[in-house]
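In what follows, a structure is listed as structure tokens, so that the remarks can point back to it.
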């Protein structure tokens, strides 16, 4: 049994186990889904196994930097991934970089938004984060929509910032502070 950190009527978010290997590989070996995140793309099952092993090892680290989770349907079907990597620690707390990607059949139905909102709640309320950031290529409008829906504000528009398939492309970067998230949360009640 693995640690479930979030559960709703539609999805659960949980720590990884070794049994995730083939589902994870189905996701991160898909060139179309990994189009905008080639650093995560894996060609072989061995490459995927290394990434999964690293995620499982990170779970037991005292000063954990990487929090990678599996997203499942309520029927325990694998949906995708969500995670946060600590990019800075200060007296105010931690700043994390949020990422998410799902199997294609789960795109466009609000799962990434629900999972991202759950992660904000957990990381702001339980893990001493004071800011969560995320970013994407400007042309990846689906990912940007998730950032907007969870209350993030655009902080940067970067022209010809990142190389993608041999072309320098624009990026957008978003962020949300814990205080803003608390204001949004209390307003929504």
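Before moving on, here are some points about what is shown:
- Put the Cα centre of segment 6-58 next to the Cα centre of segment 90-122 and the gap is 15 Å.
- Burial ordering of 170, 133, fewest other beta-carbon atoms within 10 Å first: 170, 133
- In this simple spin-label model, placing a label point 7 Å from the Cα along the Cα-to-Cβ direction at both residue 3 and residue 141 gives a separation of 3.9 nm.
- The alpha-carbon atoms of the chain, seen along their principal axes, cover 43, 42, 33 angstrom, with the largest extent given first.
- Segment 4-188 - percent relative contact order, Cα under 8 Å, separation 6 or more: 15 percent
- Its alpha carbons considered, segment 37-119 gives a radius of gyration followed by a Dmax of 14.1, 42 Å.
- Each listed q (0.23, 0.26 Å⁻¹) maps to a log10 I(q)/I(0) for segment 97-177 from the Debye sum over equal C-alpha point scatterers, namely -1.10, -1.24.
- Relative exposure of 73, 141, 9, judged by other C-beta atoms within 10 Å (fewest first): 9, 141, 73
- Springs between Cα atoms under 10 Å define the GNM used for the chain, and in it the highest mean-square fluctuation of 159, 45, 122 occurs at 159.
- Label positions at residue 44 and residue 32, each projected 7 Å from the Cα along the C-beta direction, are separated by 2.6 nm.
- For a label point 7 Å along the Cα-to-beta-carbon line of residue 19, residues of segment 63-81 with backbone N under 13 Å: 76-78
- Ranked 19, 48, criterion: other C-beta atoms within 10 Å, fewest first: 19, 48
- Sites residue 126 and residue 73 - FRET efficiency at Förster radius 25 Å, r taken between beta-carbons, to 0.05: 0.55
Quick note: the coordinates plus some simple rules give every number you see, no bench work behind them. A quick note: this is a predicted structure, and the numbers were derived from the prediction, not measured. Positions of Cβ are generated from backbone atoms using ideal geometry, with glycine treated the same way; all protein chains shown enter the neighbour counts.
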